[in-house]
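Working notes for the structure below.
Derivation of every value follows stated rules applied to the coordinates shown; laboratory data play no part. Because the structure is predicted, anything quoted here is derived from the model rather than measured. Positions of Cβ are generated from backbone atoms using ideal geometry, with glycine treated the same way; all protein chains shown enter the neighbour counts.
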Number of protein chains: 2
Amino acid sequence: MIRKLAIIGAGLIGGSLALALRRAGYCKQVVACSRSEAHLKRAVELGVIDAYSLEPAEAVRDADMVLLAVPLGAMEAVCRAIGDALAPDAVLTDVGSAKASVVAAVSAAFGEAPASFVPGHPIAGTEKSGVEAAFPELYQGRRVILTPLAHTRPDAVRQVRAMWEVAGAVVEEMGVEHHDEVLAATSHLPHLLAFGLVDSLARMGERDEIFRYAAGGFRDFTRIASSDPVMWRDICLANSQAILKVMSHYREDLDGITEAVQQGDGDRLLEIFQRAKAARDRFCH
Amino acid sequence: MIRKLAIIGAGLIGGSLALALRRAGYCKQVVACSRSEAHLKRAVELGVIDAYSLEPAEAVRDADMVLLAVPLGAMEAVCRAIGDALAPDAVLTDVGSAKASVVAAVSAAFGEAPASFVPGHPIAGTEKSGVEAAFPELYQGRRVILTPLAHTRPDAVRQVRAMWEVAGAVVEEMGVEHHDEVLAATSHLPHLLAFGLVDSLARMGERDEIFRYAAGGFRDFTRIASSDPVMWRDICLANSQAILKVMSHYREDLDGITEAVQQGDGDRLLEIFQRAKAARDRFCH
């Protein structure tokens, strides 16, 4: 049970968790903080949170669980703002998509990362953002990755794990660096490719026409290009090393495909397409 | 009204058209031909076609409308096989994804493209293939592009247009070359990027693990990598020039994004992401 959950950043991710925990009766009080009072009022109206504050320090006072759900670029400033107000027993966790950068931000703000800090990342979300898009089933069957540090308190990890499990998630643990590499491959790189493709086509001229002939496949393929640009800028800056590594592999493979098209090498193309189809059919049914 | 529709190639595309036309009572008889008797028998059982033949020439005899729905690489051979059996008043059309190559194949088979030949391309489909995936609503509200040649008979174009409109499609006309450039950008390039990404990740080792953390965005992004590898090999070979041109633009843009990540240039990344999101939200709502 959580007595008071403080959510810093009132959007889709924090809002959906709040809805799930409240519905399960797992949380007595949810207080949120954000820079937009309009968003916070809306969150209260929608029954997502009980109360709000525009001051992070105010929001976290007496909270036993604090969830940082702000863009990666805002993590350090938020941690500095709440530092003095955090209760000694409070567990601190986050939902950032790149863990090394959050650990660095928290460490910079606190001198070192508190033993009660459990870095976390729910692998869930839609291309929509904002508290109005929140829904309690968002985490049902989704994975949440926790990347505790060597000195993180086991009971803090247990509490964060229990919270996500109540929301329906499957919780796993892995190292910070490994998380960042896996996510660079399965999430960050695809977003860059989709943003890049849509921008590329939009600038080819005749964009009004080109998109008219986009079929269902194109819509699915580019859905992630409707994601929040600020969030994705922050992710690219925060996880640049892992992204560049996986981008470099991908560009080599794209060179190979381009070469096969140039040379009219049907056997090579077929081999690549068959391997890709088999992998996708196996893992994403 | 169509008296006898002959479909060469019994899959999702031809099967869905047959279902739509039969439901509308627009077609007295549908006869299909394919290399697999099992698929043809299944098509009869499913009520998609009335009869079948394993001989293309037999299937098209007395047909007033002939639809070529075979992979691009099979177009020329099929045209050679049906040439002598085509009725003088028969309208010939196709569903190939790259029009210059179909026009070249038909021209090679017939000496020159018949005046009754109307190149066509329904911008519809799913990542599934085969007649069992066929459904009559596939073309509802979808675009079908016809690329008639200078000497194509206007009444043949009218008949093909009418057929697709009965199936619910929005029919447009454009030039062969323009079609191939637009489709290279909105369909062929995205498929190559998706096939390439899935193959790239699958070969990074730990593939079992990597795909476990793929979220909804990844599934959507890579759905088209589950498409038929043979069909896509043929498209890459048939439309290589237009694909290479658009790939070259895209790779330049990807270079720019990679450079921005390398340099930590958040402003440039944000600009690209915002432009892409605005374009997609506008055209693919």
>> Mean-square fluctuation check for chain A, GNM, Cα pairs under 10 Å: which of A:PHE135, A:PHE273, A:PHE211 is largest?
In response: A:PHE273
>> Suppose every Lys and Arg Cβ carries +1 and every Asp and Glu Cβ carries -1, with no other charges. What dipole size does chain B come out with about its Cα centre, to the nearest 20 debye?
In response: 640
> Given +1 on the Cβ of Lys and Arg, -1 on the Cβ of Asp and Glu, and no further charges, what dipole in debye does the range B:1-115 carry about its Cα centre, rounded to the nearest 20?
Replying inline: 380
>> Treating the point 7 Å from Cα along Cα-beta-carbon as the label, what are the nm separations from B:GLU259 to the other copies, to one decimal?
In response: 2.4
> At B:GLU165, label 7 Å along Cα→Cβ: distances to the other copies, nm, ascending?
Replying inline: 6.3
> Taking the Cα centre of the protein assembly as shown as the origin and placing charges on Cβ (Lys, Arg +1; Asp, Glu -1), which of B:LEU46, B:ALA242, B:MET163 is farthest toward the positive end of the dipole?
Replying inline: B:LEU46
> Taking Cα atoms, how many degrees apart are the long axis of helix B:12-23 and the longest axis of chain B, rounded to 10 and kept between 0 and 90?
Replying inline: 50
> What does the charge dipole of the range A:41-194 about its Cα centre add up to, to the nearest 20 debye, if the Cβ of each Lys and Arg holds +1 and the Cβ of each Asp and Glu holds -1?
Replying inline: 220
>> Please report, for A:ARG275, the nm distances (one decimal) from its label point, 7 Å out from Cα along the beta-carbon direction, to the equivalent points in the remaining copies, shortest first.
In response: 3.4
> Roughly how many whole Å is it from the C-alpha centroid of the range B:68-130 to that of the range B:219-285?
Replying inline: 30
> Given a Förster distance of 35 angstrom, what is the FRET efficiency for A:HIS178 paired with B:GLU177, based on the Cβ-Cβ distance and rounded to 0.05?
Replying inline: 0.10
> With labels modelled as points extended 7 Å from the Cα through the Cβ direction, what inter-label distance (nm, one decimal) is found for A:ARG282 paired with A:ARG212?
Replying inline: 4.3
>> Give me the one-decimal nm value for the distance between modelled label points at A:GLU137 and A:ALA77, 7 Å along each residue's Cα-to-Cβ direction.
In response: 3.7
> Pairs of lysine in the protein assembly as shown with Cα under 24 Å and at least 8 positions apart or on different chains: total?
Replying inline: 16
> Rounded to the nearest 500 deg cm²/dmol, what is the calculated helix-only ellipticity per residue at 222 nm for chain A, with -39500 (n - 2.57) per DSSP H run of length n ≥ 4?
Replying inline: -15500 deg cm²/dmol
> Along the Cα-to-C-beta direction of B:LEU54, a point sits 7 Å from the Cα; which residues of the range B:22-38 have their amide N less than 14 Å from that point?
Replying inline: B:33-38
> Taking a point 7 angstrom from the Cα of A:VAL170 along the C-beta vector, which residues in the range A:120-143 have backbone N less than 12 Å away?
Replying inline: A:140-143
